[in-house]
Amino acid sequence: MVLSRAQSESSDSSVHSTFASRYVRTSLPRFRMPDESIPKEAAYQIINDELMLDGNPRLNLASFVTTWMEPECDKLIMASINKNYVDMDEYPVTTELQNRCVNMIAHLFNAPLGDSETAIGVGTVGSSEAIMLAGLAFKRRWQNKMRAQGKPCDKPNIVTGANVQVCWEKFARYFEVELKEVKLRDGYYVMDPEKAVELVDENTICVAAILGSTLNGEFEDVKLLNDLLIKKNKETGWDTPIHVDAASGGFIAPFLYPELEWDFRLPLVKSINVSGHKYGLVYAGIGWVIWRSKEDLPEELIFHINYLGADQPTFTLNFSKGSSQVIAQYYQLIRLGFEGYRNIMENCQENASVLKTGLESTGRFTIVSKDRGVPLVAFSLKDRSRHDEFEVSDYLRRFGWIVPAYTMPPDAQHVTVLRVVIREDFSRTLAERLVFDIQKVLQELDALPSKFLVIATGDNGAAEKAVKAVKAGDSDSVILVKKSEVETQRKVAKAWRKFVIAHKTNGVC
């Protein structure tokens with residue numbers, strides 16, 4: 001089954017080399033393998049030319065994923081790019097480095113380990129795989145418990161907030177687990193622990209809490225969730241556990257909020273996942289999942305192989321994968337240490353504050369993100385009667401910025417936000433420049449006609465009243481109808497014609 005879709009504005013089904021006379025004179029088929037080889041210089045040039053049209057990763061403010069590492073780490077990555085991580089017997093040092101990372105992260109998350117006890121965990125290609133593995137462990141433990149009690153085990157469910165990342169929906173659908181979502185509400189964009197516990201029943205394999213919501217960076221109250229679940233478990237005789245999805249916040253909370261109880265200090269937290277390629281400061285392709293103890297990872301889920309050499313235990317969804325990211329994670333952990341990570345996270349937090357202050361100074365935005373959480377700024381337009389956040393996002397691309405606009409999940413889908421993720425390589429200068437460019441975009445949009453037709457539902461011809469109602473947040477009294485593309489183009493052309501005429505000068509320059 002082919003999931004990709006080839007798109008091209010050109011009707012030509014061939015790829016042409018920019019410098020054809022230097023390397024190759026014939027064009028290449030676009031969607032089929034060419035019959036003949038071409039010089040390596042030509043292959044490089046063709047691909048390099050097309051990649052020039054990609055966005056700049058440093059200006060991609062939509063992504064949490066690391067886009068810069070030190071040159072020394074880049075060298076280590078390139079030196080190990082040909083090592084297959086799964087060949088543990090052939091690459092024992094790489095395996096040792098992975099085990100060291102697991103133990104360092106487990107201690108960072110306050111796992112209850114003895115002096116000579118090793119942590120239980122594994123490196124993955126990201127938090128999505130880590131969540132799948134953690135979910136499978138919860139499902140199998142629940143099934144074993146229900147079978148031992150002579151009860152049916154065919155209808156497992158998992159409780160999450162509606163703000164979870166799509167990987168949780170994938171887990172539920174792929175592994176046949178009912179997903180019970182706590183709906184959001186206006187002004188509260190994370191899972192409500194009290195409502196989550198209300199959804200828990202005997203078939204709940206775990207409750208998933210998010211440490212750093214993708215939508216607004218906010219930390220969910222894992223401590224309150226733990227306390228409420230302990231009470232319910234005592235009342236019902238159940239033992240419903242907690243998984244913490246710390247994909248974004250796992251490398252932030254220990255350094256910025258060490259007093260915050262969200263990890264293995266809470267007795268019901270049985271597993272935690274974290275993305276090394278987010279605030280773990282490694283390029284894309286590394287995640288981690290840590291279990292509280294051996295009892296929380298059923299032995300029957302672990303496979304043992306010996307055809308690559310010695311006996312090797314494996315618990316992953318995929319098999320082969322590169323070693324580079326594991327090595328890069330170890331580099332960051334020993335290179336930066338606790339002090340280095342704390343300094344970087346504090347700097348990200350300060351730059352987020354600079355951006356937030358700059359946006360507030362415009363008087364045009366409402367800040368949706370919280371001060372405590374992932375260093376990002378999520379914000380909405382106060383006045384959406386003429387233009388919306390999607391237009392702001394689109395216009396910012398003209399300056400090279402990639403700032404996503406999106407609607408909140410149910411029941412807050414009427415809220416639209418823009419989000420800027422503050423990574424290590426996003427400086428204060430860039431934050432100030434972004435605010436300046438946002439102001440320029442707002443000025444441009446203000447000079448253009450609205451893309452909406454504003455129709456008052458209760459008073460014919462009262463367009464001004466309708467606009468005021470929208471500005472005041474009374475959207476029930478008006479209908480905002482998006483103009484057709486042709487009508488929008490006519491309005492824009494008319495506005496620009498008027499602008500040019502007003503600024504036209506007589507005489508010769």
Margin query: List the residue pairs whose Cβ atoms are under 7 Å apart, where the first residue sits in region 43-59 and is farther than 27 Å from L430 by Cα and touching a residue at least 24 places away in the same chain (Cβ under 8 Å), the second is open to solvent by 100 Å² or more (accessible area, probe 1.4 Å) and polar (S, T, N, Q), and the two are 6 or more positions apart or on different chains.
Written below: none
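Being of a type outside the set (K, R), assigned to a loop (DSSP other than H, G, I, E, B) and open to solvent by 20 Å² or more (accessible area, probe 1.4 Å) is the filter here; which residues of region 381-390 pass it? Write out each step before concluding.
Initial filter on region 381-390 (of a type outside the set (K, R)): 381, 383, 385, 387-390.
Imposing the further condition that a residue be assigned to a loop (DSSP other than H, G, I, E, B) reduces the set to 383, 385, 387-388.
Hit for region 381-390 is D383, nothing else.
Answer yes or no as to whether V166 is free of Cβ contacts under 8 Å to residues at least 24 places away in the same chain, β-branched (V, I, T) and on the phi < 0 side of the Ramachandran plot. Outline the logic, then answer.
Values: free of Cβ contacts under 8 Å to residues at least 24 places away in the same chain: yes; β-branched (V, I, T): yes; on the phi < 0 side of the Ramachandran plot: yes.
Answer is yes for this residue.
Only one of these is within 29 Å of L133 (Cα to Cα) and either open to solvent by 10 Å² or more (accessible area, probe 1.4 Å) or of a type outside the set (D, E, K, R) (or both): S393, S323, S353. Name it.
So the residue among S393, S323, S353 that is within 29 Å of L133 (Cα to Cα) and either open to solvent by 10 Å² or more (accessible area, probe 1.4 Å) or of a type outside the set (D, E, K, R) (or both) is S323.
Yes or no: F171 hydrophobic (A, V, I, L, M, F, W, C), more than 28 Å from S63 (Cβ to Cβ) and surrounded by 13 or more Cβ atoms within 10 Å (Cβ to Cβ)?
no
Results for (1) outside any loop (DSSP other than H, G, I, E, B); (2) out of contact with any Pro (no Cβ under 9 Å at 6 or more places or on another chain); (3) at pLDDT below 65, shown as yes or no for each residue.
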{"position": "P409", "(1), (2), (3)": "no, yes, no"}
{"position": "H414", "(1), (2), (3)": "no, yes, no"}
{"position": "L430", "(1), (2), (3)": "yes, yes, no"}
{"position": "D437", "(1), (2), (3)": "yes, yes, no"}
{"position": "S450", "(1), (2), (3)": "no, yes, no"}
{"position": "I455", "(1), (2), (3)": "yes, yes, yes"}
{"position": "A466", "(1), (2), (3)": "yes, yes, yes"}
{"position": "G473", "(1), (2), (3)": "no, yes, yes"}
{"position": "V492", "(1), (2), (3)": "yes, no, yes"}
Next item on the list: Go over the candidates A247, A284, A209 one by one and state the one that is small (G, A, S) and touching a Ser or Thr at 6+ places or on another chain (Cβ under 6 Å).
Entry: A247
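Could you list, in sequence order, the residues of region 178-196 that are assigned to a loop (DSSP other than H, G, I, E, B) and of a type in the set (D, E)?
Of region 178-196, the ones assigned to a loop (DSSP other than H, G, I, E, B) are 183-184, 186-187, 189-192.
D186, D192, listed by residue number.
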Notebook entry, point to check: Do we have any residue at all in region 252-259 that's open to solvent by less than 10 Å² (accessible area, probe 1.4 Å), closer than 22 Å to G337 by Cβ and in contact with a helix residue (DSSP H, G or I) (Cβ under 7 Å, 6 or more places away or on another chain)?
Noted result: yes
Margin query: Would you confirm, using the coordinates I've provided, whether S271 is small (G, A, S), crowded, with 20+ Cβ neighbours inside 10 Å and in contact with a His (Cβ under 7 Å, 6 or more places away or on another chain)?
Written below: yes
Notebook entry, point to check: Among the residues of region 358-380, which ones are aliphatic (A, V, I, L, M) and open to solvent by 20 Å² or more (accessible area, probe 1.4 Å)?
Noted result: I367
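Out of the strands (runs of 3 or more DSSP E) lying entirely within region 261-367, which hold 1 or more residues that are over 30 Å from P241 (Cα atoms)?
Details: elements: 269-275, 287-291, 303-305, 312-314, 365-367.
Output list reads 303-305, 365-367.
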Check: Restricting to region 92-127, what's the tally of residues that are in contact (Cβ under 8 Å) with a residue 60 or more places away in the chain, closer than 18 Å to S80 by Cβ and surrounded by fewer than 18 Cβ atoms within 10 Å (Cβ to Cβ)?
Finding: 1
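Just for region 128-154: of the residues that are surrounded by 12 or more Cβ atoms within 10 Å (Cβ to Cβ) and basic (K, R), which one is nearest to K180 (Cα to Cα)?
Here is the first cut: in region 128-154, the residues surrounded by 12 or more Cβ atoms within 10 Å (Cβ to Cβ) are 128-146, 153.
Subset that is basic (K, R): 139-141, 145.
Values: K139: 15, R140: 19, R141: 19, K145: 21 Å.
Result: K139.
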Margin query: For L266, only one of the following conditions fails: (1) open to solvent by 10 Å² or more (accessible area, probe 1.4 Å); (2) among the hydrophobic types (A, V, I, L, M, F, W, C); (3) closer than 26 Å to K195 by Cβ. What is its number?
Written below: (1)
Next item on the list: Please verify whether region 419-429 includes one or more residues that are within 22 Å of Y188 (Cα to Cα) and open to solvent by 50 Å² or more (accessible area, probe 1.4 Å).
Entry: no
Note to self: Considering only region 128-138, I want to know if a residue exists there that is assigned to a loop (DSSP other than H, G, I, E, B) and within 31 Å of the chain's Cα centre (by Cα).
What the structure shows: no
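Looking at region 161-177, which of its residues are part of a loop (DSSP other than H, G, I, E, B) and of a type in the set (D, E)?
At the first step, the residues of region 161-177 found to be part of a loop (DSSP other than H, G, I, E, B) are 162-165, 175-177.
If the condition is that a residue be part of a loop (DSSP other than H, G, I, E, B) and of a type in the set (D, E), then E176 is the only one that fits.
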Next item on the list: Say whether the condition of being closer than 23 Å to M88 by Cβ and either touching a residue at least 24 places away in the same chain (Cβ under 8 Å) or open to solvent by less than 10 Å² (accessible area, probe 1.4 Å) (or both) is met by at least one residue in region 226-236.
Entry: no
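The values are calculated or read from the model by the stated rules, or taken from the named source; none is laboratory data. Owing to the predicted nature of the structure, the values given are computational and were not obtained by experimental measurement. Counting neighbours? That spans all protein chains shown, and the Cβs are built from the backbone with ideal geometry, glycine included. Side chains are part of the model used for accessible areas, which takes the heavy atoms of the whole protein and leaves out ligands, DNA and RNA. Shrake-Rupley method; radii C 1.70, N 1.55, O 1.52, S 1.80 Å.
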